[in-house]
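Worksheet: one structure, shown below.
The values are calculated or read from the model by the stated rules, or taken from the named source; none is laboratory data. Not measured: the values here are computed from a predicted model. Cβ sites come from the backbone with ideal geometry, for glycine too, and all protein chains shown count toward neighbours. Accessible surface areas use protein heavy atoms only, side chains included; no ligands, DNA or RNA. Shrake-Rupley method; radii C 1.70, N 1.55, O 1.52, S 1.80 Å.
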Amino acid sequence: MKEIIVSKDESNQRADKYLLKYFNKSSKSFLYKMLRKKRIKLNKKRIIGNEIIKANDVFQIYLSTETIQKFSNHSISKHVSITHKVIYEDDNILICNKPVGLLSQPNNSDSVSLVDEIITYLVNKGEYDPEATRGFRPGICNRLDRNTSGIVIAGKNIKSLQEINKLIANNKLDKHYMCIVKGILSTTNTIEGFLTKDGINNKVSISDNEDMGSYIKTIYKPLKIGKEYTLLDVKIVTGKSHQIRAHLSSIGHPLIGDYKYGDKKINDIFKDRYGLKHQLLHAYKIRFNIDDDGYLLYLDNKEFITDIHGRFKKIADTLFSH
């Protein structure tokens, strides 16, 4: 029998969530089978998995050493190069600028993700030891498409992850994007609709019919206006997959470089002229609106900005130089 003592950084989460992180090579079905058979207990009592664990709680694991080793391997599989830039960091959170082309989270391929980079970054700093803290893994709180750059927030501990996710769910974190769209938009406006996702083709559609999907709300404001294009500040009130790209396309103003929802003829021009192969979309600003007591109250009213750069800036400077 092996005992596992819950640390402070691993506390305040469901027992099954903790165990799935600890036994990171195990299937869910195996884990719940062990709970049913009382091969895994918490403080010497039978559990079903939805119990909230606290610091110094003790799991009793009635499995062989070989089985525990088989299902629990937390060595860093890959130390990766750091391509993101840190915008802000404290003991609880990390705010970084994700570059174009980098996945936000790991997928089933061997591609490096922002999460891989953050893990490597924290391990190198000595702030995270995957072997010592098996029931917690630093993670990101918001995701960006692979070819969308900009601000991503990561939690360094379980409480911070939970608090940031709660702020996002309660619309207490303003998220602003910058994009270049086809056509002229001269006034601030709010657009609403209902989004349906086609998981097979990884594409969404927008409708006015509330029975056709999830409600979405997007607010846009022109920053610069050119002869044929507009640089927009876009605030998403709801955060759905491809929301900005599909929503603006649905009103006739698709993003430049967006082959999935945009104008192929225009995109081909920008590809030939600037080598552009992805949508011009950058998550450039976040603002915390924490109006009650909380673990991250010190971030209230704080704003973080990361400007456009590289190819995006070059194109914007060219289109809006007058």
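Could you tell me whether the range 282-294 includes any residue that is modelled with pLDDT of 95 or more, open to solvent by less than 40 Å² (accessible area, probe 1.4 Å), closer than 15 Å to Val100 by Cα and not in a strand (DSSP E or B)? No. Scanning the range 176-220 for residues that are in contact with an Asp or Glu (Cβ under 6 Å, 6 or more places away or on another chain), over 27 Å from Phe270 (Cβ atoms) and open to solvent by 50 Å² or more (accessible area, probe 1.4 Å) yields a count of 1.
Can you find a residue in the range 138-146 that is assigned to a loop (DSSP other than H, G, I, E, B), open to solvent by less than 10 Å² (accessible area, probe 1.4 Å), more than 21 Å from Ser241 (Cα to Cα) and of a type outside the set (A, V, I, L, M, F, W, C)? Within the range 138-146 (the criterion being assigned to a loop (DSSP other than H, G, I, E, B), open to solvent by less than 10 Å² (accessible area, probe 1.4 Å), more than 21 Å from Ser241 (Cα to Cα) and of a type outside the set (A, V, I, L, M, F, W, C)), the answer is yes, since at least one residue qualifies. Cβ-Cβ distances below 7 Å connect the following pairs, each with a first residue in the range 80-101 that is more than 21 Å from Val112 (Cβ to Cβ) and of a type outside the set (S, T, N, Q), a second residue that is open to solvent by less than 40 Å² (accessible area, probe 1.4 Å) and assigned to a strand (DSSP E or B), and a separation of six or more residues or different chains: Tyr88/Ile95; Tyr88/Phe304; Ile93/Ile153; Ile93/Ala154; Ile93/Gly155. Among residues of the range 22-44 that are polar (S, T, N, Q), those with a beta-carbon under 8 Å from a residue that is open to solvent by less than 50 Å² (accessible area, probe 1.4 Å) and in a helix (DSSP H, G or I) at least six positions away or on a different chain give the pairs Asn24/Phe71; Ser26/Leu20; Ser26/Phe71. Looking across the range 302-312, the residues that are open to solvent by less than 90 Å² (accessible area, probe 1.4 Å) and closer than 27 Å to Phe288 by Cβ come down to Lys302, Glu303, Phe304, Ile305, Thr306, Ile308, Phe312.
Only one of the listed residues (Gly193, Gly226) is touching a helix residue (DSSP H, G or I) at 6+ places or on another chain (Cβ under 7 Å) and over 18 Å from Tyr261 (Cβ atoms). That residue is Gly226. Looking across the range 295-322, the residues that are touching a helix residue (DSSP H, G or I) at 6+ places or on another chain (Cβ under 8 Å) and either assigned to a loop (DSSP other than H, G, I, E, B) or at positive phi (or both) come down to Tyr295, Leu296, Asp307, Ile308.
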